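These notes concern the structure reproduced below.
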Amino acid sequence: MGIALAGLVLAGRLLRLHARPPAAARPERGTRAGPQHRLQRPRNHGQHRWQPPRYRCDYGTPASARQPASARPDDDRQAAGRSVDLRAVEAERTEQEQQRRQKLERLRSQGTEPYLSRFDRTHSSAEALALFVEVEKEKGAEARTEPVALAGRLVASRVMGKATFAHIQDFAGRIQLHVKVDKLGEPKYQQFVDLDLGDIIGVRGSLFRTRRGEVTCEVEDFVLLAKALRPLPEKYHGLKDVEVRHRQRYLDLIANPEVRDVFVTRARIVEETRAFLRARGFIEVETPVLQPIAGGAAARPSITHHNALDIDLYMRIALELYLKRLIVGGFERVFEIGRIFRNEGIDRWHSPEYTMLELYQAYTDWEGMLELTEALVAHLVQRIKGSTSFSYQGESIDARRPFARLEMVDAASQASGRDLLKAEVPELRRLLAERQIEARPGLGWGGLVNELFEELVQDRLVQPTFVTGHPVEVSPLARRRSDDPRLTDRFELFIAGTEIANAFSEINDPLDQRARFEDQARARASGAEETHPMDEDFLTALEHGFPPTGGMGLGIDRLTALLTDQPTLRDVIAFPHMRARHAEP
RNA sequence: GGGGGUGUAGCUCAGUGGUAGAGCACCUGCCUUUUAAGCAGGGUGUCGAGAGUUCGAUCCUCUCCGCCCCUACCA
């Protein structure tokens, strides 16, 4: 062990890495006791040592089925069967996994710790390539740089006897390594050859350009930082299986570098949005995710339970009602970018949890929101795409201002060949029926007009288009139009046939708001499935005085899908929800 | 929810009523500027799960499960 340790320390000095000695040499840190000590409260506070959380998560377990863990009848059986299970697990491992585990054991028995704690690299792959190009300018084609330290995942290896070419991959890209036995010496060279694809290593060496022209690190020393126990997906075709790409996104990210770009762009979109809003005087806030009433939209919520309060809570379906409470409290420009949850269907444009931007600005109205939304979207397109237009799934999208505008009722009237402002409910139902569209029960004039719009117009709105003047019936939180009480001061922004943003002049008449909630309750009673719930606490806030306010919501995931040219929302959500896989039916 | 497609080696995919193949990966050997390295040898698999038909099923039938697409609901 002593010799092995010395070798490791030597390697550590060479590479300036901070390798921890093997576990056996540092008993004080080799167990879980270390981290737990840090969680302990000071001794003079009595017996308050760290303990596991008292309440286990029994979410979803019927009360009748709950019992102490020790009382569960199958616990003993599981404990007794453990060794058998482990053998079964071992037998189920693939040959490659077994080989890698054996290799791991061999390394440990030789005194090499295959999982180190730190490696100080000097350059990323991209920085190293740039460095070489700079040096090459001065010294010409035969240039060699000073040694650099690089780290990454081994993704390709071409062993050619006494020399090996390999590639490591880091966040910035890939870089080639050249490993020669006469640089490393026989034992160390053999260790390199024994590495597996997927292992994470650190290397040190100078940079040069090969005959074929690739900038390459001539490895003088290397260290294994983390052994991979499972093989990588195929190097040429990448990982194609959509199910695996989603369930094991990390493999997708390793094997398909363009996937990383999507999530980097997603982060940039959020950052640009924040910067844009901050520059306009908006303050970012956070409001409850768990809510006693799931309001701000008409959607089915997910439900959860809080043990200490012993109340059921809903996962929020919108940010709206709490942000408005902040406006009541005197905030004049607020926004939140947060996850919301809707317990509904999943398809290419719908996800059970998604990220919404909502913002509220006092003393402005829907037209102020329209200006802001148009400016924000045009700004994001410019910043992300570097242009005023972009391509989405083969369709060219022109995001130059001003975006098109369309009155919802006008558009639906034109598409249906009838002036819907003058049409009555039976005629609207007939228009829908003629087109084999089944109108949901309980819909009135506004709901049916909205239905006609969605069926006949929405899909055709490929270019950015503001649709204005939604019916009151489908807008329980939007201010009524002064010149037509059936409509509201509202707009939605459509791009590529999908709704991206939704905004309106907020209701600041608490009595009107109460009446709207009551309308919603009536709609529910006559069969509408999703209606806005009554929220007395919110009404109380409005009754204290709510300034004229414009509000807007924007779907970050959908916008990201557009700006990254991804066909579905799943492609811009790192870990999309999927059904659990069952071994047995 | 309804319709269609799909599931075969670690990955990408062929294929057949007589228990299975290719490329990459992997294992053995050779190879010191290669790059989808190459050459020689090796198949490592509950053919998604269960039942049925059959002498025999990965293939045919039924049921179930996952995933994808369309459709319905929601944004």
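The values are calculated or read from the model by the stated rules, or taken from the named source; none is laboratory data. Just so it is clear, the structure is predicted and the values come from calculations on it, not from any experiment. Please note: Cβ atoms are built from the backbone with ideal geometry, for glycine as well, and neighbour counts cover all protein chains shown. When the accessible area is computed, the model is the full protein with side chains, heavy atoms only, and any ligands, DNA or RNA have been set aside. Shrake-Rupley method; radii C 1.70, N 1.55, O 1.52, S 1.80 Å.
Filtered by the rule that a residue be touching a strand residue (DSSP E or B) at 6+ places or on another chain (Cβ under 6 Å), surrounded by 13 or more Cβ atoms within 10 Å (Cβ to Cβ) and small (Gly, Ala, Ser), region A:265-317 gives A:Ala294, A:Ser302.
Take the residues in region A:412-445 that are in a helix (DSSP H, G or I) and in contact with a Ser or Thr (Cβ under 8 Å, 6 or more places away or on another chain); name whichever of them is most open to solvent (accessible area, probe 1.4 Å). Step by step, filter region A:412-445, then rank; the result is A:Leu421.
Sort out which residues of region A:162-184 are farther than 23 Å from A:Lys235 by Cβ and buried (at least 19 other Cβ atoms within 10 Å of the Cβ), and write them in order of number. A:Leu184, the sole residue that qualifies. Check whether at least one residue in region A:345-362 is within 27 Å of A:Gln513 (Cα to Cα), within 14 Å of RNA strand B (Cβ to nearest atom), surrounded by fewer than 16 Cβ atoms within 10 Å (Cβ to Cβ) and within 29 Å of the chain's Cα centre (by Cα), and report yes or no. No; the residues of region A:345-362 include none that is within 27 Å of A:Gln513 (Cα to Cα), within 14 Å of RNA strand B (Cβ to nearest atom), surrounded by fewer than 16 Cβ atoms within 10 Å (Cβ to Cβ) and within 29 Å of the chain's Cα centre (by Cα). Of the residues A:His532, A:His577, the single one that is within 14 Å of RNA strand B (Cβ to nearest atom), open to solvent by 60 Å² or more (accessible area, probe 1.4 Å), part of a loop (DSSP other than H, G, I, E, B) and modelled with pLDDT under 95 is A:His577. Can you give me the number of residues within region A:243-268 that are within 18 Å of A:Asp557 (Cβ to Cβ), near RNA strand B (Cβ under 8 Å from one of its atoms) and without any contact (Cβ under 8 Å) to a residue 24 or more places away in the chain? Number satisfying all stated conditions: 1.
So that you can scan it fast, the table gives a plain yes or no per residue for (1) at pLDDT below 95; (2) open to solvent by 10 Å² or more (accessible area, probe 1.4 Å); (3) within 6 Å of RNA strand B (Cβ to nearest atom):
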| position | (1), (2), (3) |
| --- | --- |
| A:Gly205 | no, no, no |
| A:Arg209 | no, yes, no |
| A:Glu214 | no, yes, yes |
| A:Phe222 | no, no, no |
| A:Tyr236 | yes, yes, yes |
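Within region A:477-500, restricting attention to residues that are within 15 Å of RNA strand B (Cβ to nearest atom) and of a type in the set (D, E, K, R), the residue that is surrounded by the fewest Cβ atoms within 10 Å (Cβ to Cβ) is A:Glu499.
There is at least one residue in region A:185-198 that is of a type in the set (Phe, Trp, Tyr), open to solvent by less than 20 Å² (accessible area, probe 1.4 Å) and within 13 Å of RNA strand B (Cβ to nearest atom).
Each row is one residue, and each column tells you yes or no for (1) in a loop (DSSP other than H, G, I, E, B); (2) open to solvent by 40 Å² or more (accessible area, probe 1.4 Å); (3) farther than 26 Å from A:Asp182 by Cα; (4) within 15 Å of RNA strand B (Cβ to nearest atom).
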| position | (1), (2), (3), (4) |
| --- | --- |
| A:Arg101 | no, yes, yes, yes |
| A:Arg108 | no, yes, no, no |
| A:Glu113 | yes, no, no, no |
| A:Arg118 | yes, yes, yes, no |
| A:Glu127 | no, yes, yes, no |
| A:Phe132 | no, no, no, yes |
| A:Val135 | no, no, no, no |
| A:Val159 | no, yes, no, yes |
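Has region A:370-384 got at least one residue that is farther than 21 Å from A:Gly553 by Cα and either touching a residue at least 12 places away in the same chain (Cβ under 8 Å) or buried (at least 18 other Cβ atoms within 10 Å of the Cβ) (or both)? So far as region A:370-384 goes, no, none of its residues is farther than 21 Å from A:Gly553 by Cα and either touching a residue at least 12 places away in the same chain (Cβ under 8 Å) or buried (at least 18 other Cβ atoms within 10 Å of the Cβ) (or both). Residues in region A:331-344 that are open to solvent by less than 50 Å² (accessible area, probe 1.4 Å) and more than 12 Å from RNA strand B (Cβ to nearest atom): A:Val334, A:Phe335, A:Glu336, A:Ile337, A:Gly338.
When A:Arg516 is tested against (1) open to solvent by less than 30 Å² (accessible area, probe 1.4 Å); (2) within 30 Å of A:Glu395 (Cα to Cα), exactly one condition is not met: (2). Test A:Gly295 against the criterion of being of a type in the set (Gly, Ala, Ser) and under 16 Å from A:Leu539 (Cβ atoms), and give yes or no. So A:Gly295 passes the test. Answer yes or no: is there a residue in region A:547-557 that is assigned to a loop (DSSP other than H, G, I, E, B) and in contact with a helix residue (DSSP H, G or I) (Cβ under 9 Å, 6 or more places away or on another chain). Yes, some residue in region A:547-557 is assigned to a loop (DSSP other than H, G, I, E, B) and in contact with a helix residue (DSSP H, G or I) (Cβ under 9 Å, 6 or more places away or on another chain). Mind listing whichever residues of region A:458-476 are open to solvent by less than 10 Å² (accessible area, probe 1.4 Å) and outside any strand (DSSP E or B)? Scanning region A:458-476 gives A:Pro464, A:Gly469, A:His470, A:Ser475.
Total residues in region A:320-347 satisfying the condition of being more than 14 Å from A:Glu358 (Cβ to Cβ) and in a loop (DSSP other than H, G, I, E, B): the figure is 8. Just one residue in the set A:Lys188, A:Lys139, A:Lys162 is in contact with a helix residue (DSSP H, G or I) (Cβ under 6 Å, 6 or more places away or on another chain) and not polar (S, T, N, Q); that residue is A:Lys162.
Scanning region A:484-507 for residues that are in contact with an Asp or Glu (Cβ under 7 Å, 6 or more places away or on another chain) and either outside any strand (DSSP E or B) or more than 18 Å from A:Ala297 (Cβ to Cβ) (or both) turns up A:Asp489, A:Ala496, A:Gly497.
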